[in-house]
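**Q** I am attaching a structure below and will ask some questions about it afterwards.
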Amino acid sequence: MSNLQRQSPRDLEAARAPRAWLGALGGVGLLALSLVFIWGGIGLGLGAPRRLGTGAFPVITGCALAALSVAIIVIDLRDTSAAERPDWMSFAAIGAALAAFAIVADWFGLIPAVFATTVVASLPDPTLPILGKLILGLVVSLGCWGLFIGLLDLPLQAFKGF
Amino acid sequence: MDILSNFGDGLLIALQPYNLLYCFIGVFLGTFIGVLPGIGSMAAISMILPLTFYLEPTSALVMIAGVYYGAEYGGSIASILMNIPGTPSSSITCIDGYPMARDGRAGVALFASAIASFGGGIIGMVVMALLAPVLAALALNFGPTEYFAVILLGLVAASAVSNGSPVKGVATVVAGLMLGTIGVDITTGAERFTMGIPELRDGVNLVIVAMGLFGVGELIVSIRANSGGAPKNRIDYANFYPNRAEWKAMFGPILRGGGIGSFFGALPGTGQTVASAIAYAVEKKLSPNRGRFGKGAIEGVAVPESANNSATQTAFIPTLTLGVPGSASMALVIGALMIHGVTPGPRLLIDHADLFWGLVASFLVGNLLLLVLNIPMIGLWVRLLQIPYKYMYPTIIVLICIGVYSVNNNVFDIWLTLAFGWAGYLMRLFRFEPAPLLIGFVLGPMMEEQLRRAMLLSRGDPTVFLTRPISGVLIMITAALLVYSFGAALKSRRHARQSARLTH
């Protein structure tokens with residue numbers, strides 16, 4: 001039995017390289033952005049050719065982007081070459097790490113935020129046990145405390161609300 | 001003679017103890033970050049940028065420049081030892097550097113790379129000292145029409161000629177121009193696209209855009225790429241220095257690489273990667289030993305390294321004299337200068353001569369530091385590459401967070417960095433280059449201002465851009481560049497489709 005036959009449909013789906021036409025989604029995103037700027041720019045006022053209004057430049061660039069976005073959508077929809085496989089785990093973990101920093105720094109200060117960020121960022125790595133993640137968080141927190149607060153004396157609050 | 005005396009004055013500035021210290025810190029941190037595979041000079045500069053806010057403009061620029069060429073050199077170390085280019089421009093060094101390392105000549109390859117980088121850097125510095133004043137004098141006659149045309153040419157060159165699809169490149173640069181309009185309009189005082197968020201009244205901070213797109217975006221990509229760990233490399237310190245024949249073989253390539261790199265570095269849009277690739281191709285054609293190329297030829301390491309480093313220095317020419325960055329890294333340099341209240345452009349050489357010549361002289365000092373620092377520290381960089389990435393990337397993300405947070409002490413900036421970081425990753429996934437977005441973002445406000453002025457002076461006549469000789473020529477070059485890039489892209493797509501049909 002070949003390897004391919006032994007794989008489940010889910011594995012096969014995961015193994016299949018995403019198609020480049022996914023790039024058309026990027027084109028759609030840019031098109032939406034351009035429409036927002038055109039709409040907003042018209043609302044701000046275009047002015048006259050001699051005295052361009054606040055909205056003139058966003059409208060000019062918005063129109064250019066709208067045309068280019070349509071071209072991108074058309075080109076990418078016809079493209080069937082293999083594209084890079086997304087790494088959603090790292091995407092989510094790094095996003096969560098930044099979110100953890102934003103929330104914890106606001107409530108508890110810099111050092112707890114550094115600890116939380118380090119632990120959350122390292123979560124997707126299965127080779128590092130949870131104790132290892134906690135120790136890494138502690139080491140990075142102490143290092144940042146020493147460097148940024150102790151040595152560089154940055155005007156950041158190490159701890160808040162304690 | 002003027003140049004020599006100005007350079008002498010610049011040397012005195014560069015040798016001030018604090019400038020020397022910041023140059024050293026810049027070169028060290030740049031090399032440190034550049035060594036990490038997948039983390040390029042853009043991410044390195046973005047991470048360092050908030051630290052430079054506390055410095056004098058000259059010291060800040062000297063430090064950023066040190067980070068820039070330090071990261072470029074650091075990228076070569078990962079290329080030679082692991083066959084993973086730390087920066088895109090050092091990918092050419094892999095071709096001969098990695099085979100040399102596999103043959104047990106990693107030490108010689110690293111030494112050759114350091115010497116060639118130094119040689120190329122010095123050639124780039126000389127070209128910058130000679131050419132920048134001439135270009136600045138020419139640009140003194142520019143009015144808003146010419147400035148608009150120069151910026152347009154810079155934007156198109158940086159986006160259409162860059163890697164990937166030219167349509168996507170131009171679209172990304174336009175998106176950057178649009179992002180640059182967020183905030184209060186300086187002419188009318190009206191708020192634009194702030195959605196009522198007070199933090200957006202001053203526009204989106206450059207540090208956030210750069211850290212998000214490059215710091216966070218590159219980090220997400222690098223996690224999987226580096227999960228395999230680094231192969232063990234042993235450096236034989238007894239076999240570290242090139243022999244006489246190898247020194248002789250390197251000399252010509254370093255000079256040629258430096259010359260080619262200087263030329264392409266000064267052109268907007270081409271940058272170090274193109275410079276290294278062309279220098280390598282030329283050297284391969286000229287060399288009597290072309291059969292050895294790709295199998296561990298020392299010339300194959302020396303020539304791209306020299307070209308890469310000289311292009312790094314000459315990229316400052318259009319950036320400082322015209323205010324038009326040829327690459328995203330240079331856009332960050334412009335942003336950093338503006339944060340310090342220094343406007344890049346032809347007046348920079350008159351109003352801030354100390355800054356300009358201090359920077360030029362710091363290239364000499366920085367390249368010497370790079371040499372002195374790296375030859376004894378190669379062992380340290382090798383050990384750094386052995387640290388499992390699972391310990392490195394959480395630390396890097398923390399440094400990014402602290403860098404962004406320290407600018408305004410505001411967590412809103414972190415949320416915005418997260419949005420730009422995710423956007424940066426999705427852009428890479430969807431095959432959009434994030435670099436043009438940053439260039440457009442930095443140049444957007446300048447371009448809008450020059451457009452408004454030009455239209456006011458011409459009493460609303462848009463043909464002024466074509467009828468004034470300098471701007472007319474620049475617009476024609478821009479149009480030709482666009483047509484050429486789109487034509488070349490169409491041709492390569494047709495080729496790819498034909499070869500796909502043949503294989504089926």
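**Q** If I go through the range B:430-444 residue by residue, how many of them are in contact with a Phe, Trp or Tyr (Cβ under 9 Å, 6 or more places away or on another chain) and either at pLDDT 90 or above or within 9 Å of chain A (Cβ to nearest Cβ) (or both)?
**A** In the first step, residues of the range B:430-444 are kept if they are in contact with a Phe, Trp or Tyr (Cβ under 9 Å, 6 or more places away or on another chain); the result is B:434-435, B:438, B:444.
Next, from what is left, pick out any that are either at pLDDT 90 or above or within 9 Å of chain A (Cβ to nearest Cβ) (or both): B:444.
Of the residues in that region, 1 qualify.
**Q** If I ask for residues that are without any contact (Cβ under 8 Å) to a residue 40 or more places away in the chain and outside any helix (DSSP H, G or I), which ones from the range B:31-55 would you list?
**A** B:Tyr54, B:Leu55
**Q** List the number of the failed condition for A:Trp107; all other conditions in (1) at pLDDT below 95; (2) at the interface with chain B (Cβ under 10 Å from one of its Cβ atoms); (3) in a helix (DSSP H, G or I); (4) surrounded by 13 or more Cβ atoms within 10 Å (Cβ to Cβ) hold.
**A** Of the numbered conditions (1) at pLDDT below 95; (2) at the interface with chain B (Cβ under 10 Å from one of its Cβ atoms); (3) in a helix (DSSP H, G or I); (4) surrounded by 13 or more Cβ atoms within 10 Å (Cβ to Cβ), the odd one out for A:Trp107 is (4).
**Q** Can you go through A:Gly150, A:Gly161 and tell me which one is over 30 Å from B:Gln450 (Cβ atoms), more than 8 Å from chain B (Cβ to nearest Cβ), touching a residue at least 40 places away in the same chain (Cβ under 8 Å) and surrounded by fewer than 18 Cβ atoms within 10 Å (Cβ to Cβ)?
**A** Only one candidate passes the filter, namely A:Gly161.
**Q** Within the bounds of the range B:175-192, is there any residue that is part of a helix (DSSP H, G or I), among the small types (Gly, Ala, Ser) and over 30 Å from B:Lys491 (Cα atoms)? Can you show your working first?
**A** Filtering the range B:175-192 for residues part of a helix (DSSP H, G or I) gives B:175-179.
Imposing the further condition that a residue be among the small types (Gly, Ala, Ser) reduces the set to B:175-176.
Then drop every residue that is not over 30 Å from B:Lys491 (Cα atoms), which leaves none.
Within the range B:175-192, none of the residues are part of a helix (DSSP H, G or I), among the small types (Gly, Ala, Ser) and over 30 Å from B:Lys491 (Cα atoms).
**Q** Right, another one. Count, please, the residues in the range A:87-104 that happen to be more than 7 Å from chain B (Cβ to nearest Cβ) and over 18 Å from B:Leu416 (Cβ atoms).
**A** 4
**Q** Next up: Only residues that are within 14 Å of another protein chain (Cβ to nearest Cβ) and under 22 Å from the mean Cα position of the chain (by Cα): list them for the range B:366-400, please.
**A** Narrowing the range B:366-400 to residues within 14 Å of another protein chain (Cβ to nearest Cβ): B:387-400.
If the condition is that a residue be within 14 Å of another protein chain (Cβ to nearest Cβ) and under 22 Å from the mean Cα position of the chain (by Cα), then B:Ile396, B:Ile397, B:Leu399, B:Ile400 are the ones that fit.
**Q** Taking the range A:110-136 on its own, how many of its residues are assigned to a helix (DSSP H, G or I) and either within 8 Å of chain B (Cβ to nearest Cβ) or β-branched (Val, Ile, Thr) (or both)?
**A** At the first step, the residues of the range A:110-136 found to be assigned to a helix (DSSP H, G or I) are A:110-122, A:130-136.
Then drop every residue that is not either within 8 Å of chain B (Cβ to nearest Cβ) or β-branched (Val, Ile, Thr) (or both), which leaves A:110-111, A:113-114, A:117-122, A:130, A:135-136.
Of the residues in that region, 13 qualify.
**Q** Here's another thing I want to ask about it. In the range A:47-71, how many are within 17 Å of B:Pro445 (Cα to Cα) and either more than 7 Å from chain B (Cβ to nearest Cβ) or in a loop (DSSP other than H, G, I, E, B) (or both)?
**A** Number of matching residues: 7.
**Q** If B:Val161 satisfies all but one of (1) at pLDDT below 90; (2) surrounded by fewer than 24 Cβ atoms within 10 Å (Cβ to Cβ); (3) more than 30 Å from A:Leu22 (Cβ to Cβ), what's the number of the condition it fails?
**A** Failing condition for B:Val161: (3).
Quick grid of which residues meet (1) touching a Pro at 6+ places or on another chain (Cβ under 7 Å); (2) among the hydrophobic types (A, V, I, L, M, F, W, C); (3) closer than 26 Å to A:Asp76 by Cα:
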{"residue": "B:Leu140", "(1), (2), (3)": "yes, yes, no"}
{"residue": "B:Gly143", "(1), (2), (3)": "no, no, no"}
{"residue": "B:Phe148", "(1), (2), (3)": "no, yes, no"}
{"residue": "B:Ile151", "(1), (2), (3)": "no, yes, no"}
{"residue": "B:Leu155", "(1), (2), (3)": "no, yes, yes"}
{"residue": "B:Gly164", "(1), (2), (3)": "no, no, yes"}
{"residue": "B:Val167", "(1), (2), (3)": "no, yes, yes"}
{"residue": "B:Val173", "(1), (2), (3)": "yes, yes, yes"}
{"residue": "B:Leu177", "(1), (2), (3)": "no, yes, yes"}
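**Q** Okay, moving on. B:Ala101 - would you say it is within 23 Å of the chain's Cα centre (by Cα) and of a type in the set (Gly, Ala, Ser)?
**A** Criteria not met by B:Ala101.
The values are calculated or read from the model by the stated rules, or taken from the named source; none is laboratory data. Here the structure is a predicted model, which means the values were calculated and not measured. All Cβ positions, glycine included, derive from the backbone under ideal geometry; neighbour counts span all protein chains shown.
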